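Notes follow once the structure below has been shown.
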Amino acid sequence: LDFVHDNMVYIHDVDDYIKSPLETLVEGCGDCEDLSVLYGAILTKLNYEIKYVFLSKISGDTTEHLIPCVLGDFKGDSIQSKGKNYFFAEPGGTSEPNNPAKYKIGRNPVDYDRVKNRKYRIYSVKKP
């Protein structure tokens, strides 16, 4: 997680295009979807089981968000899917290269009570 925080700059979503992990690495920046796909690809390559959680818009909040979640022996905020706990692994951060985010696995940067009350979808990732 530190690799993405330390080497990628968060940019606000300007379109609905989701970059490939390679595009994000080459450009050195991305929005939440781009950084989530990059971090998910890294975790998958390291043989971690992950899910993506997509948080949809709710009344009074126009923000949508994608967060990868990782299966493992972690502590903190998680979602449950098929009896397994997947812990939030937020790769997004600040738009300031000299002030990277330092979220840890199990720390959901979105107000957790809002996530529990929000509609979300869970997507599985299949290994290539």
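The values are calculated or read from the model by the stated rules, or taken from the named source; none is laboratory data. This structure is a prediction, so every number in the text was calculated from the model and none was measured. Methodologically, a virtual Cβ is constructed for each residue, glycine included, from the backbone with ideal geometry; neighbour enumeration extends over all protein chains shown. Ligands, DNA and RNA are stripped out before the accessible areas are found, and what is left, the full protein with its side chains, is counted by its heavy atoms. Shrake-Rupley method; radii C 1.70, N 1.55, O 1.52, S 1.80 Å.
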>> So residue 4 passes all but one of these: (1) under 15 Å from the mean Cα position of the chain (by Cα); (2) outside any helix (DSSP H, G or I). Which condition number does it fail?
In response: (2)
> Is there any pair with a first residue in the range 5-34 that is without any contact (Cβ under 8 Å) to a residue 12 or more places away in the chain and open to solvent by less than 80 Å² (accessible area, probe 1.4 Å) and a second that is part of a loop (DSSP other than H, G, I, E, B) and among the aliphatic types (A, V, I, L, M) whose Cβ atoms are under 8 Å apart and which are 6 or more apart or on different chains, and what are they?
Replying inline: none
> Restricting attention to the range 73-84, does a residue exist that is at pLDDT 90 or above, assigned to a strand (DSSP E or B) and touching a Gly at 6+ places or on another chain (Cβ under 8 Å)?
Replying inline: no
> Quick one: in the range 51-72, which of the residues that are in a loop (DSSP other than H, G, I, E, B) and open to solvent by 30 Å² or more (accessible area, probe 1.4 Å) is modelled with the highest pLDDT?
Replying inline: 72
> Across the range 35-50, what is the number of residues that are outside any helix (DSSP H, G or I), touching a residue at least 12 places away in the same chain (Cβ under 8 Å) and open to solvent by 30 Å² or more (accessible area, probe 1.4 Å)?
Replying inline: 2
